[in-house]
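Remarks on the structure that follows.
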Amino acid sequence: DVTIKRLHMMLCIKEFGWSLKEVEGFFTVLLEKLECMENPTDHDEECAEAVVHFLDIVFHHKHTRGEHEDITKSMVLTKTAAPSVPIDIATFSVEGDEMIIPPEILFEVMQSEELGSLLKMRSPKFRALLQKKETEKAEAVTISKTPVKRQNLVSTLREVVDRDDAFITLPWTLVYIVLFMFVLFNHLDIYSRAVMGRVNEDWMNGRDPFTAADENVDNLPSYWEWVVGVAIPGAFGDQVIENNHTKYWLASRHVLVGGFRLECQKLDGTVEIHWLNQMDASKASLEVLPGNYYNATLASAAVLIDDEYCGSKDTEKTWLSYMTYDELASAYTISTAYTWFDRYGQAVPIIDTDVILIDPFPTWFTIFIDILFALLVTRIFLKEAWSLLSTMRLGWSEFLDYWDVWNVVDWLSISCSAWNCGLLAAILLIMTDETLSIIIDENYAMDIDVWSLGEEELELIYDTVAQLGSLFQLLHLVMALNTITVLFKFFKSFQSNPRLKVVTDTFVQASVDLAHFFIIFCTLFLPVVLVGHILFGKDIPEMGSIFASLSTGIYTLLGDYTWFEDLYPRTLTTTLPSGCPAILVFLWFSIFHFVITLVVLNMLLGIILEHYVRITDTLKTMAHAPEIWVQVRDYLKFLKETRGFLSLVHLDLLLNNDGDPAHKDPSVTHESLKQAFDGMQDKQSEWLMNFLRTEVYLIEKANEVANEGRDRSEDILANAGDSSMSAFGLFRDLEEIEPVWMDKLEDLTKVLAWLQKDMKNMYKKLEEMESVEEEDARPSSQSNELAASNSSLLAPPGAAASKASASKSKKQPKSSTGTAASKKGAKSLTPSRTAG
């Protein structure tokens, strides 16, 4: 019926999901009720419900009366679907075989809001919802009768306490890392300090590659050529007279303070320190050329060239330094050129700059962040200290039990945080020391003539700034360590949710395979790298030492081939400077790339991915693996329900007290809980009992499912050889037991498909052989039949019967061992019989 199909399409839009059969049946019932009404003014309630909700689906509660009229006129109810009862309803009009419902009645019944059960009761989804509620009600009854033992109480509370402790760690760790980042940015300001350091290093090293230290210093004479020709002229930069004070500007922002400081060490370990502008040669030059500190420094350098500490063959190490101050950045810098003249005659210059910011609180925001960070660290410390003291009160054994992995992580994080705060406090105290205020005022502006300072004052300022630089370096290390502990705290928080601890579980489960893989990797990687060091160490700097070879191997493993691109052999006869054939480099690189990169590294990825897939498959079958936002909602609900209760942490400590455990009664009831724990309210005992019963019920249900799965797997494995079991049934049963087997089942499916195809070919060949044998035996069989028929006509009836039975008995063995047997055997080997 066209009307039925149209209504079915309209109903499919809604959420009820009716089938065509249900719509037709409902439509028929509706017509029956409309036909059977005796008084059109007294509407039957069920009929009115049906009409209202039927039209509720069609019109979606969105049409006006005029739209009702238009749509209603197009809705026809065929009389053929109704019983053969005379229609005597004044409010309904009949046109031929069609019955039209007036728009006024439709609009009137649609105003009712009390109806709805009939249509919803016929909805499959609504029925499923009712069935779910009935199941939950039955489970609630079962849970209320579930007994609880002390072991359930101890294990459940321990699990809940550990889970909640890990879960609450996540938000606090997020807050901690945010504040930690602000503290890092405000006090270390690594980017600004790195920029200022590179500027000073470039000026000291020299911007001309033909005179720069890292390219031209290779012995002591070339070292002094660089000092006199590059380092000193670069540091003195532009000379400016301000307020009758001579200033030398370096890189436009830095002012040279006190000139150069040279520290020299001999082979015997003795050290000599010189401030070049405080030497006698410098003072003599200033008497001739007053205010020309550049020439004075060169005069002192000319004297030190022949000094036994700084210019002789016994000189081992030198430290050439100068100090600058940047008013705009409120920062001191110490640029140092460290040069080591090793025993092999090689000079190794290293230039480095320490930048020290001396304004501890440049903004109020910095003070605010520091206070918040200190309060947060104090809060974390007090919480863990209270937990530690609570366990210590219960005895030594409980104190030892307290130190599990995650509590050790918590205290490492607290120790690093306290270390950070202590170093910051020490740095702030030194920044406010009067020593740094010798050349600057309270606004961090330079207000004195720095060339008027004596050697003792310069050395004091230099030592203070160098001390700050050392503390900053230590602070870098401690903050890096603190960041690692924060990472471990995140891993601790991930233990509260199965979806968050996928990575940790993957590495834990793969630890055995990874340990064996590491052995394999070392036995392959180290010898190959050692071969490279032996063959190419003399010619390739990247293979010059064992450590350099290991580093080059790791870089190559990660895809850095720049060292090999420069040595790629152009011809087969190309040789390295030592005479080693360059083709060996190509062979070594090819073997390394194939064995280590393509094979071994992919083995590592395969191990990790295999365990990751197992864990994610297990996660899909877990009964309780909520999303993190669902867990947040449940935790807030838990806090609301347990407000005013005794702390579960306290209950857990009392239960696990080895010396005097609480609640020694093996059975747990409302009364036993209140007797075991002083101060427990009736509300808490009821809540705890309901919670424990639910947990015990879920555990028992999970065990039942696991036992059923194990029994089912045993049955399947026991019946696997049964020829009556089909392959597809076996696959389906195995899939229900363990989804992880699907990859193996796919391979087995391919094998069985090949066997099935092979069986069909074999069966086809057997049929062809049978047909050929039948054709060959057809003439002889016909002649035998003719002779038998003639003899039967001449022989008596009894003889004929005995002869027929004898021939039948003679033919039977042949059919059982011949072609018939082959055909029967072929049919019994079809895949449906042999799949099991």
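Here are the numbers for the structure shown:
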| quantity | calculated |
| --- | --- |
| When residues of the range 526-552 are limited to those that are among the β-branched types (Val, Ile, Thr) and not in a loop (DSSP other than H, G, I, E, B), the one nearest to the chain's Cα centre (by Cα) | THR552 |
| Any hit, the range 436-447, residues being acidic (Asp, Glu) and part of a helix (DSSP H, G or I) | no |
| Any hit, the range 321-329, residues being surrounded by fewer than 21 Cβ atoms within 10 Å (Cβ to Cβ), touching a residue at least 60 places away in the same chain (Cβ under 8 Å), farther than 23 Å from VAL199 by Cα and among the aliphatic types (A, V, I, L, M) | no |
| Subset of the range 439-469 (residues that are open to solvent by 50 Å² or more (accessible area, probe 1.4 Å) and farther than 18 Å from HIS187 by Cβ) | ASP441, GLU442, ASN443, ASP447, SER452, GLU455, GLU456, GLU457, LEU460, ASP463 |
| Residue in the range 657-672 that is free of Cβ contacts under 8 Å to residues at least 40 places away in the same chain and basic (Lys, Arg) present | no |
| Flag if TYR568 is at negative phi, among the aromatic types (Phe, Trp, Tyr) and without any contact (Cβ under 8 Å) to a residue 40 or more places away in the chain | yes |
| Residue ranges of strands (runs of 3 or more DSSP E) in the range 205-315 with at least 1 members of a type in the set (A, V, I, L, M) and either modelled with pLDDT of 90 or more or loosely packed, with under 15 Cβ neighbours inside 10 Å (or both) | 238-242, 254-266, 271-275 |
| Options VAL585, VAL595: the member that is in contact with a Pro (Cβ under 9 Å, 6 or more places away or on another chain), in a helix (DSSP H, G or I) and not hydroxyl-bearing (Ser, Thr, Tyr) | VAL585 |
| Residue pairs meeting the criteria (Cβ under 6 Å; at least 6 apart or on separate chains; first farther than 15 Å from ILE484 by Cα, in the range 397-408; second assigned to a loop (DSSP other than H, G, I, E, B)) | SER397/ASP658 |
| Which numbered condition LEU412 fails, given (1) open to solvent by 70 Å² or more (accessible area, probe 1.4 Å); (2) without any contact (Cβ under 8 Å) to a residue 40 or more places away in the chain | (2) |
| Residues located in the range 456-512, provided they are out of contact with any Ser or Thr (no Cβ under 7 Å at 6 or more places or on another chain), among the small types (Gly, Ala, Ser) and over 29 Å from TYR322 (Cβ atoms) | ALA480, SER496, ALA510, SER511 |
| Within the range 146-175, considering residues that are open to solvent by less than 10 Å² (accessible area, probe 1.4 Å) and under 22 Å from the mean Cα position of the chain (by Cα), the one nearest to SER493 (Cα to Cα) | ALA166 |
| Residue within the range 170-180 that is more than 24 Å from ARG633 (Cα to Cα) and either modelled with pLDDT of 90 or more or part of a helix (DSSP H, G or I) (or both) present | yes |
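The values are calculated or read from the model by the stated rules, or taken from the named source; none is laboratory data. Quick caveat: nothing in here was measured; it's all calculated off a predicted structure. Here Cβ is always computed from backbone atoms with ideal geometry, including for glycine, and neighbour counts include all displayed protein chains. We work out accessible area using only protein heavy atoms, side chains counted, and drop any ligands, DNA or RNA first. Shrake-Rupley method; radii C 1.70, N 1.55, O 1.52, S 1.80 Å.
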